[in-house]
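Colleague: Before we start, here is the structure in question, set down as structure tokens.
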Amino acid sequence: MIGPSEATGTRFVRVLLSGGKPGVVLEGETIRAWGADGKLSAEGAGRVTLTAVGERIRWNGSRLLGRTLDAAGAPELRVGDRKAGGRVRLVARKGELLAVAVVPLEPYVAAVISREAPPRFHPEALAAMAVAARTYAVGATAKPRDTAYDVVGSVEDQVFEGMDGVASVFREAAERTRGVVLRYRGELVRTVYHSTCGGRTESAEYAWGRDVPYLRALRCDDCADSPVYRWEYRMSAAEGRRVSGALGVPPGKDLRFAVASRTPTGRTNRVRISSGGVSRELKAAVFRKTAGYAKIRSLKMEIVPVGGEWRFAGEGYGHGVGMCQFGANGMARRGAGFRDILARYYPGTETAGEAP
Ligand SMILES: [Zn+2]
């Protein structure tokens with residue numbers, strides 16, 4: 001039975017699984033919960049609903065417990081549809097119930113990369129990704145997002161969908177690089193990454209307006225076999241009207257989308273939307289978000305009007321900053337090790353052993 005105490009020597013990441021809602025459902029064959037004093041305060045089986053009542057937690061519609069609870073299940077605990085991978089801390093805060101998985105660092109790293117890369121990726125590329133994901137997590141535990149959690153289990157930080165279906169190749173990548181992080185002049189690196197750069201990565205300065213010495217644009221010849229090295233998206237007239245309206249330009253028959261400016265790496269910097277005498281220029285990243293990240297896969301793209309519709313033709317997938325994952329895989333297939341891969345995409349940085 002897993003208890004509430006943490007094994008010594010193991011680092012944990014507190015991952016927000018559910019927030020902004022008054023309640024959460026826990027599932028497990030048996031479920032136990034301990035209060036802040038470490039005493040067992042409730043037991044259940046199968047399915048237990050917890051709700052926040054002000055600053056206290058109601059257990060399965062009956063007993064009112066304290067503000068925080070640590071729950072564990074046997075053989076496992078599920079929160080919503082996710083296998084938590086450890087114990088779960090519940091915190092009632094002004095009628096909102098936060099569910100935070102407290103996951104050991106290495107299984108967390110394995111789970112994150114399992115959602116970022118296909119299992120067929122070369123082990124060295126997966127190892128490089130494990131170091132990147134771990135560095136991000138260690139940085140987050142040093143500067144938590146909230147008093148109750150370090151990271152959000154979604155794209156805001158790193159997607160964490162629980163411990164289901166984490167293939168052994170991902171666990172091996174985490175295990176092989178256990179404790180290794182990436183540093184720049186002693187500081188933890190902001191290890192951002194993306195799927196496919198399309199031939200040239202983007203600098204943090206052009207993408208986000210902040211120069212980071214190890215996040216500058218560089219050539220990448222290794223991602224050409226990515227399925228999204230080139231892509232096309234046909235935007236229908238109706239979808240064009242929706243996007244235009246959502247971005248503040250009432251769409252008429254003369255609706256136009258155009259690239260207004262580009263960054264030095266050729267990515268779209270600003271987009272112009274015009275119709276009926278109204279014209280608006282906006283950040284291309286905002287346009288991409290509104291149109292959908294999975295449709296406009298990157299900003300390295302052209303916009304071509306085609307008979308009342310639009311053809312978007314581009315290269316790569318993602319923001320393009322930092323490590324190119326398909327590029328990492330290409331390098332690994334050419335014989336590069338994970339340290340070579342990291343040194344290329346985060347120039348000037350160094351891997352360091354066990355994190356403090
Ligand atoms: Zn690339």
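Colleague: Which of the residues belonging to segment 54-74 are open to solvent by 70 Å² or more (accessible area, probe 1.4 Å) and assigned to a strand (DSSP E or B)?
Modeller: Within segment 54-74, Arg56, Arg58, Arg63 meet the criteria.
Colleague: Exactly one condition in (1) open to solvent by less than 20 Å² (accessible area, probe 1.4 Å); (2) within 15 Å of the ligand (Cβ to nearest atom); (3) more than 17 Å from Asn329 (Cα to Cα) is false for Arg216; which is it?
Modeller: (1)
Colleague: What is the residue count in segment 75-107 for residues that are open to solvent by 30 Å² or more (accessible area, probe 1.4 Å), more than 20 Å from Ala133 (Cα to Cα) and part of a strand (DSSP E or B)?
Modeller: Residues meeting the conditions: 4.
Colleague: Being under 25 Å from Ser154 (Cβ atoms) and surrounded by fewer than 22 Cβ atoms within 10 Å (Cβ to Cβ): is that true of Ser18 here?
Modeller: Yes; evaluated as a whole, the condition is true for this residue.
Colleague: Here are some residues: Ser274, Ser226, Ser261. Which one is loosely packed, with under 15 Cβ neighbours inside 10 Å and among the hydroxyl-bearing types (Ser, Thr, Tyr)?
Modeller: Ser261
Colleague: Any chance you could count how many residues in segment 67-126 are more than 28 Å from Gly179 (Cβ to Cβ) and not assigned by TED's automatic domain parsing to the domain that holds Thr49?
Modeller: Total meeting the criteria: 0.
Colleague: Here is a list: Arg200, Arg190. Which entry is within 16 Å of the ligand (Cβ to nearest atom) and open to solvent by 40 Å² or more (accessible area, probe 1.4 Å)?
Modeller: Arg200
Colleague: Of all residues in segment 303-318 being in a loop (DSSP other than H, G, I, E, B) and within 16 Å of the ligand (Cβ to nearest atom), which is least open to solvent (accessible area, probe 1.4 Å)?
Modeller: Step by step, filter segment 303-318, then rank; the result is Gly316.
Listed here are the residues, each with its yes/no results for (1) assigned to a loop (DSSP other than H, G, I, E, B); (2) acidic (Asp, Glu); (3) surrounded by 15 or more Cβ atoms within 10 Å (Cβ to Cβ); (4) on the phi < 0 side of the Ramachandran plot.
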| residue | (1), (2), (3), (4) |
| --- | --- |
| Ile113 | no, no, yes, yes |
| Ala125 | no, no, yes, yes |
| Thr141 | no, no, yes, yes |
| Val155 | yes, no, no, yes |
| Gly165 | yes, no, no, no |
| Arg171 | no, no, yes, yes |
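Colleague: Continuing with the same structure: So which residues in segment 319-336 are in contact (Cβ under 8 Å) with a residue 60 or more places away in the chain and surrounded by fewer than 24 Cβ atoms within 10 Å (Cβ to Cβ)?
Modeller: Answer for segment 319-336, where residues must be in contact (Cβ under 8 Å) with a residue 60 or more places away in the chain and surrounded by fewer than 24 Cβ atoms within 10 Å (Cβ to Cβ): His319, Gly330, Ala332, Arg333, Arg334, Ala336.
Colleague: Report, ordered by the first and then the second residue, all pairs with beta carbons closer than 9 Å, sequence separation of six or more or different chains, a first member in segment 26-40 that is over 15 Å from Val88 (Cβ atoms), and a second member that is hydrophobic (A, V, I, L, M, F, W, C).
Modeller: What qualifies is Glu29/Ala45; Glu29/Ala74; Leu40/Ala33; Leu40/Trp34.
Colleague: Is it true that some residue in segment 290-302 is under 20 Å from Trp231 (Cα atoms), part of a strand (DSSP E or B) and within 16 Å of the ligand (Cβ to nearest atom)?
Modeller: Yes, there is a match, as at least one residue in segment 290-302 is under 20 Å from Trp231 (Cα atoms), part of a strand (DSSP E or B) and within 16 Å of the ligand (Cβ to nearest atom).
The values are calculated or read from the model by the stated rules, or taken from the named source; none is laboratory data. The model shown is predicted, which means the values in this text are computed figures rather than measured ones. Ideal geometry is used to build each Cβ from the backbone, glycine not excepted, and the neighbour counts take in all protein chains shown. Note: areas computed on protein heavy atoms with side chains; ligands, DNA, RNA excluded. Shrake-Rupley method; radii C 1.70, N 1.55, O 1.52, S 1.80 Å.
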